[in-house]
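A.B. asks: The following block contains the structure, expressed as structure tokens.
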Amino acid sequence: MARVVVMVAAMAVWWAAVEGLGMNWGTQATHPLPPKAVVQLLKDNGITKVKLFDTDFAAMSALAGSGVEVMVAIPNKDLDTMASDYGNAKDWVKKNVKRYDFDGGVTIKYVAVGNEPFLKAYNGSFINITLPALQNIQNALNDAGIGDRIKATVPLNADVYESTVPSAGRFRPEITGLMTDIVKFLAKNNAPFTVNIYPFLSLYLDEHFPFDFAFFDGVSTPVNDGGIMYTNVFDANFDTLVAALKAVGHGDMPIIVAQRFYAGLLKRLAANVGTPARPNQYIEMYLFGLVDEDMKSVAPGNFERHWGVLRYDGQPKFAMDLTGQGQNTMLVPAKGVEYLPKTWCVINTNAKDVSKLGDNINFACTYADCTPLGYGSSCNGMDTNGNASYAFNAYFQAQSQKEEACNFQGLAVPTETDPTTAQCNFTIQIKSAAAVATAAAPVAAGAVVAALAQVLLLW
């Protein structure tokens, strides 16, 4: 029997976390937390599973001997390499899995082959290479003698299946044949089906989506599926997948979920409630995500850089209950985190020529994270000077407070006076051996940033 892995974004808290609960650990940040600090905070909060998006050596080294179960990953950009030559897959397994597989090493449980490769936005770019890559990696694991305990899987977006009601769930028509082959291969190797379910995006992308359906508090008008009442999008989405799997002959396949919402979800996990189609069933779930990432693409929305249950510096954002038992306390923060000096970069109010202020804000926000200035965000609503100061400081911190990073053609000056307001925190970055130079625009589209700069100048 294959299994299904689900990725989710949810609330949580420390010590004895819900069984089956893991975290997605992304590292797309200018100043990522030291891996050893991350592993320690996982342990401090009772989180025993983690999903990576690569096989970063520093992260893997920190995880060695920790006992934390790990899902490593092959990025989409490497799928063609894995699919085209079995030798490449064998080499990858040797370098990134077998290398760490020893007593006291890394407890690798899964290899994620790609990430949402059939997303509609990719226009079929990975359609022909994902299954061959999956087959080669699993076969390489088998040939290495570890395929019985380390399984290859493909994290898929929930848009691979669709339906008007859960019981009628089917895989998308244009990929039904491919999905059938993938499911059969997973089942043959007793590997899980992995799905990413995003209730937040249902709300974000559809203004008519019923708000309370994204949570677990009940709704006034549940979805009636042949007498089975669905009161939340998670159950409905999960059971739509169960029906789609059943339609291709594998309705009992285990599922791993990657999810994006919290409190009600954890209570259900703790109680092993399951869903209407799979009542009282254990679900392995990875919450998205652990820490904010200030270099993630904002193409889907500014929220992409703020999925973390922890801030960029490993400090908890809010109280959470990882136990699912009503112990709503703050997560244990990252320990031993060092910060850069308490120096900020702000607008030079004595500057005589401000004609290029917009261009300089645009530059700063191209290479640093200005999403907190966006509509509805914590720093939205400041005047032009406040917006400029935030943008300049964001760039200054991203550049590790280099002296030349606080000039902006004479429009900025360094200060040791904290410009933080009651609503808006002007951050000081952390010291990081893995600090990323942002000499070239990492993720933000120039047109989007230019538009943001124009908006900021209007305040």
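A.B. asks: Would you call I283 of a type outside the set (G, A, S) and closer than 26 Å to G386 by Cα? Spell out the reasoning first.
C.D. replies: Working: of a type outside the set (G, A, S): yes; closer than 26 Å to G386 by Cα: no.
Here the answer is no, as I283 does not meet what is asked.
A.B. asks: Considering only residues that are acidic (D, E) and at pLDDT below 80, look in region 189-233 and name the one that is farthest from N115 (Cα to Cα).
C.D. replies: Checked region 189-233; the qualifying residue farthest from N115 (Cα to Cα) is D217.
A.B. asks: Right, another one. Take the residues of region 33-82 that are in contact with an Asp or Glu (Cβ under 8 Å, 6 or more places away or on another chain) and assigned to a loop (DSSP other than H, G, I, E, B): which is surrounded by the most Cβ atoms within 10 Å (Cβ to Cβ)?
C.D. replies: Here the residue is L33.
A.B. asks: Among the residues of region 320-355, write down those that are farther than 24 Å from T421 by Cβ and part of a strand (DSSP E or B).
C.D. replies: M320, T329
A.B. asks: Within region 173-194, track down each residue that is open to solvent by less than 10 Å² (accessible area, probe 1.4 Å) and touching a strand residue (DSSP E or B) at 6+ places or on another chain (Cβ under 9 Å).
C.D. replies: Passing the criteria: M179, I182, V183, L186, A191, P192, F193, T194.
A.B. asks: Can you pull out every residue in region 284-319 that is in contact with a strand residue (DSSP E or B) (Cβ under 6 Å, 6 or more places away or on another chain), buried (at least 22 other Cβ atoms within 10 Å of the Cβ) and part of a loop (DSSP other than H, G, I, E, B)?
C.D. replies: F288, G289, L290, G308
A.B. asks: Shifting gears a bit: What are the pairs with Cβ atoms under 6 angstrom where one residue, in region 413-428, is modelled with pLDDT of 95 or more and the other, located anywhere, is aliphatic (A, V, I, L, M) and assigned to a loop (DSSP other than H, G, I, E, B)? Sequence gap at least six, or different chains.
C.D. replies: The qualifying pairs are I428/L340.
A.B. asks: A follow-up question, please. Please count how many residues of region 108-132 are modelled with pLDDT of 95 or more, within 16 Å of M179 (Cβ to Cβ) and touching an Asp or Glu at 6+ places or on another chain (Cβ under 7 Å).
C.D. replies: Here the count works out to 2.
A.B. asks: Okay, moving on. Based on this model, can you work out whether A140 counts as more than 19 Å from P192 (Cα to Cα), in contact with a Lys or Arg (Cβ under 6 Å, 6 or more places away or on another chain), surrounded by 18 or more Cβ atoms within 10 Å (Cβ to Cβ) and assigned by the TED database to the domain that holds V291? Give the derivation first.
C.D. replies: Details: more than 19 Å from P192 (Cα to Cα): no; in contact with a Lys or Arg (Cβ under 6 Å, 6 or more places away or on another chain): yes; surrounded by 18 or more Cβ atoms within 10 Å (Cβ to Cβ): yes; assigned by the TED database to the domain that holds V291: yes.
Criteria not met by A140.
A.B. asks: Here's something else I'd like to know. In region 106-113, is there at least one residue being under 28 Å from V39 (Cβ atoms), among the small types (G, A, S) and part of a loop (DSSP other than H, G, I, E, B)?
C.D. replies: Within region 106-113, the first condition is being under 28 Å from V39 (Cβ atoms), and the residues that meet it are 106-113.
Right, trim to among the small types (G, A, S) and you get 112.
Restricting the remaining residues to those that are part of a loop (DSSP other than H, G, I, E, B) gives none.
No, there is no match, as no residue in region 106-113 is under 28 Å from V39 (Cβ atoms), among the small types (G, A, S) and part of a loop (DSSP other than H, G, I, E, B).
A.B. asks: Name the single residue, out of those in region 40-71 being within 21 Å of Q315 (Cβ to Cβ) and within 17 Å of the chain's Cα centre (by Cα), that is modelled with the lowest pLDDT.
C.D. replies: Top of the filtered list is I47.
A.B. asks: If we keep just the residues of region 248-279 that are open to solvent by 20 Å² or more (accessible area, probe 1.4 Å), aliphatic (A, V, I, L, M) and at pLDDT 75 or above, which is nearest to D235 (Cα to Cα)?
C.D. replies: Once the filter is applied, the top-ranked residue is A277.
The values are calculated or read from the model by the stated rules, or taken from the named source; none is laboratory data. Just so it is clear, the structure is predicted and the values come from calculations on it, not from any experiment. As a convention, Cβ positions derive from the backbone with ideal geometry for all residues, glycine included, and neighbour counts pool all protein chains shown. The accessibility values were calculated without ligands, DNA or RNA, using every heavy atom of the protein model including side chains. Shrake-Rupley method; radii C 1.70, N 1.55, O 1.52, S 1.80 Å.
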